[in-house]
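Q: Dumping the structure here so I can ask a few things about it.
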Amino acid sequence: MNSATTAQQLCVSVYGLLLLLLAFLFLSTTAAAQARRVVLVKVDGLSPDMIERFIDERDPRTGRSRLPWFKHIFYERGTRVENFYVRGMSLSGPSWSMLDTGQHLQIKGNIEFDRYTLHSYDYLNFIPFWLGHAGRVRVDMPGPETLDELGLPLLCDTYPYEQRHLSFQLYQRGTRWTTLQRGLQNRFTSRSPRELFDEWLLGFESRSIVLEQLERELLAKLGDPRLRYLDFYTADFDHATHHNRDRATHLAALQELDSLLGRIWTRIRESGTAAETALVVVSDHGTNTDERLYSQGYNLVKLLASADGGGHHVITKRRLLSDYALKSIYPLVPLITTTSDDSFYLHGESTVYPTALVDFDGNERASIHLRDSDLNILHLLLRELRRDELPAPVRRAAMAAFFATIERRHAEWQESLATLREELGALHRRIDQQRAIVAAQPKQWTKVDSDAGHDQAARRETARLDSWQTDARKYEDYARTLGNLLGLRPDNFDPSKLHIPDVIASGAMGEHNSIRQLQNYTIGLAAGGLALDADTSLDWSRSFRRLNYPRLLLDLAVRNNVQPNVGSRPVDFIAVRVPAELIRNADAEGNRVDEAVWLYGGDEKQALVLGRRDRDGKLLLRYLPVAHLTQSESGLIQFKAADWVAGLPLKIWEDRRLVVPAGAERREEWLGRWHTDLDWLRAAHLTEYSNAVVGLHEQFARHSTPATALDVPGLAADERLMRRFRRRQRSLVETDMLVLANNHWNFDVSGFNPGGNHGSFFRISTHSTLMFAGGEQTGVPRALLITEPYDSLSFVPTILALTNQLAHDAGNRLTPISISPRLPAAFPGRVIEELLPLNRRDQAPPAVIIGPTAATTGGVR
Ligand SMILES: [Zn+2]
């Protein structure tokens, strides 16, 4: 090797080194402006207003804030989002589903019932999950299972398994703790369900043991630099506010949380990763509580079971006369039946023929399914036709009415049956494929495999197979019965030989009730029995006992009102989804409406919340005051246009905190137009019902997902059928009526509720906490208060932007720079841009370059 080449080589390598160094410095600059690690503290029900109440109070003992860590971490060194709201009902199950996915709402209650099969999705119930987990049947809570089926990943899924540490939560994705897992498995498998239930219900101590262990594990894991996503969920604050409304209890619950945050913050600083770690506190809703008042309970289950309420046998998922939320979950009994003593025709048949399903979770709202009113008519007529003593003319009229009723619904039911059968065909083919997938899984797993989560991924496939097989069996039962009903013919019809459950499915609600049915709901035979009109056919109006449910519920009133500051009427308004095809003409300007919700606050006090997409796909919403909305026999929705007046549902027009944009004319003119969801949020978020217009649309609209979208070119036939099947399953859990409580009322069946509640669209319940703090490399601004309003959909994209998984492209739009193939391509929500460091996109790299040493040793100050 001669000297020239050596010099040349040396020159090249020095040059190369310089280039490398430059590239390295540049990379570390860009990499520096981000949080490499995120720690989420998820606090159920944490109201920001309650933190505000105590933050500036001095503790006489210390001379510092009563909430010193909140003050230090988030008020002095972090960023707070002052106006952060649930986009939808202020209810844990739905709200966490949006916070955990960043996608539109799919899970619409804490409990959902399938109308065809009574299958219940119990999103809050940990106990079957634990037993399933211990028995190696289940891996995930029901929430992630449902979201997986819809193709919606959780935020934690964007991190590789070995980079995340998850606590115990509603949207639990597997488990990977060791000590706790063993402890809990022993606890759960060594006890009978009954003992387990008592312990879960009463065992505050066992819950705090679990929480303490979870905290210990989190603090230990904070020392592991490979972990980039860590979360901690606690429901203790929510429990405390449900049970107590006094200041001292609220303060004590907040102080416990405050010191937890202090321990986490201190541990982060000790861990050597403080500079690149962001600590985030988020809550799923607030809480409606007032020291001077207790929330009054109204028992809707008892009402529906009474003669005045329809004499229904009622199914719930929570035990009655027990208490709230997570603690009162009955562990294993799938459904709880309240038998009506006043049933008009199903006496003694409560287990076979329940006709109402109620989810009262969240308490400030309840959701009700009623059996298709026409199934009640058929059932009543069948029972009459089976009576030997029925006079011949009445028998003839009843027969004709029976077949006329089937005929009236024939096209719809036949279509429903035919499409369901197609979908079940596809489901069976999928089951066969899934069986092969499961059979091919290894039976033994190495430690390396389980450290990478492969064993849990395999078990997830088994759980999926199990769930599909159960679905197939239950829907087939329903389809067979509906097929039998549609196959009945007048010429060979012998009701006495008929077994009623063969033609009217037991434990099924059938199709949704129309508004016409809800306003004329058949609950039994009239007192005089079947009546004939002059031409000897059945007199429909005199033969049956009917109820107008929206009116019945709204007019409920209690006589002895014990609290002068609480009204005597439990119900604020009722919300019902209206199929958009029946209401295409609702917009006077001729815009095509995609979604509609009817709000009933009395015959004169009603509204339609209408939704549509503009040419660019942007969501537009309109609130249309109406009166006397009815539905004709042909299905047509009719209503009178009404003026903006005080007392309409959501009370927007009279609310002084409504802010119409500067330059806008009178408020009714602004209110009378279509606006984007963002415009609605900005205008209304400070009003009593905050973002209810947006929230109602979110709650009732059917949102497409990656696994349910049908307008995708090139879908294989079976995939298309499976997508249709999943859409059907989501629509089958939609209830007939959402009942919203008046202020300081609740539908908790224990009847007396000493603390606060949530579930409604009231601002006090939807107003949630969102706070950030982090080391200097995270770029989280210090002592910043963001006043721009945001909702649940902003949470995930903001965390992704903060951790550099979304970045600005050349057009200054945030797009995924994916570290995970599971990251969805798009998020409907806005990133909270105020939080992101300005230098990330607008400024040149900072003059002082933070090298790798600082990044790994941490900038503890
Ligand atoms: Zn909650």
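The values are calculated or read from the model by the stated rules, or taken from the named source; none is laboratory data. Just so it is clear, the model here is predicted, and its values are computed rather than measured. Glycine gets a Cβ as well: all are built from the backbone with ideal geometry, and neighbour counts include every protein chain shown. Keep in mind that these areas ignore ligands, DNA and RNA; they rest on the heavy atoms of the full protein, side chains included. Shrake-Rupley method; radii C 1.70, N 1.55, O 1.52, S 1.80 Å.
Q: Sorted by accessible area (1.4 Å probe), largest first, how do Asp388, Asp231 line up?
A: Asp388, Asp231
Q: Sticking with this one: Which of the GluC sites (Glu not before Pro) found in region 535-644 are loop residues per DSSP with 12 or fewer other Cβ atoms within 10 Å of their Cβ?
A: Answer in residue order: Glu589, Glu633.
Q: Lys and Arg at +1, Asp and Glu at -1: add these up for the other residues within a Cβ distance under 12 Å of Leu99 and post the number.
A: Within the 12 Å Cβ shell, the charges total -3.
Q: Same structure, new question: On full extension of the chain, what length is gained from Arg387 through His703, given 0.36 nm per residue of separation minus the C-alpha to C-alpha distance?
A: Contour length minus Cα-Cα distance gives 109.0 nm.
Q: Anything over 22 Å Cα to Cα? Flag those among Lys108/Lys221; Lys108/Lys651; Lys618/Lys651; Lys42/Lys108; Lys42/Lys447; Lys42/Lys651, in the order listed.
A: With Cα atoms farther than 22 Å apart: Lys108/Lys221; Lys108/Lys651; Lys618/Lys651; Lys42/Lys447; Lys42/Lys651.
Q: Nearest 10 degrees, 0 to 90: what angle lies between the long axis of helix 179-189 and the longest principal axis of the chain (Cα atoms)?
A: So the helix axis and the longest Cα principal axis differ by about 20 degrees.
Q: Considering only protein heavy atoms, what is the solvent-accessible area of Ile786 at a probe of 1.4 Å, reported in Å² to the nearest 10?
A: The value for Ile786 is about 10 Å².
Q: Any chance you could run the full-extension gain for Ile500 through Asp809? It's 0.36 nm times the residue separation minus the Cα-Cα distance, nm to one decimal.
A: 104.9 nm is the gain from fully extending Ile500 to Asp809.
Q: Still on this structure, please answer the following. Calculate the tail of P(r) for the chain: the fraction of all Cα-Cα distances greater than 55 Å, expressed in %.
A: 15 percent
Q: Could I ask something else about it? Does anyone have the angle between helix 3-32 and the longest principal axis of the chain? Alpha-carbon axes, 0 to 90°, nearest 10?
A: Tilt relative to the chain: about 40 degrees.
Q: Further question on the same structure: What are the residues whose amide H is under 5 Å from the amide H of Tyr85, where those residues sit 5 or more places off or on another chain and H is modelled from the backbone?
A: Ser768, Tyr790, Asp791, Ser792
Q: I would also like to ask the following. Straight-line reach only, C-alpha to C-alpha below 12 angstrom: list the aspartates and glutamates that Lys317 could link to, leaving out same-chain residues fewer than 8 apart.
A: Partners found: Glu112, Asp122, Asp359, Asp361.
Q: What is the distance in Å between the Cα centroid of region 274-304 and that of region 644-685?
A: Each part's Cα centre sits 26 Å from the other's.
Q: I would also like to ask the following. Please report, in whole Å, how far the alpha carbons of region 373-508 spread along each principal axis, starting with the longest.
A: The Cα atoms of region 373-508 stretch 78, 25, 24 Å along the principal axes, largest first.
Q: With every protein chain kept in the model, how would you rank Leu608, Leu293 by accessible area, 1.4 Å probe, largest at the top?
A: Leu293, Leu608
Q: Subtract the Cα-Cα distance of Val352 and Thr337 from 0.36 nm times their separation in residues, and report this length gain in nm to one decimal.
A: Result: 4.4 nm gained on full extension.
Q: Sticking with this structure for a sec: In the chain, what percent of the accessible surface is made up of carbon and sulfur (1.4 Å probe, ligands and nucleic acids excluded)?
A: Of the solvent-accessible surface of the chain, carbon and sulfur hold 54 percent.
Q: Can you pull the one-decimal nm distance between simple spin-label points at Ser568 and Arg782, each 7 Å off the Cα toward Cβ?
A: 6.0 nm
Q: Right, here's the next one. Count the DSSP beta bridges whose two residues both fall in the chain, then state the antiparallel fraction as a percent rounded to the nearest 5.
A: Bridges in the chain are about 75 percent antiparallel.
Q: Okay, next question. Between Ala404 and Ala307, with labels modelled 7 Å along Cα→Cβ, what's the label distance in nm to one decimal, could you check?
A: The two pseudo-label positions are separated by 2.9 nm.
Q: In nm, to one decimal, how far is the modelled label at Trp540 from the one at Arg720, with both set 7 Å along Cα→Cβ?
A: Here the answer is 3.7 nm between the modelled labels.
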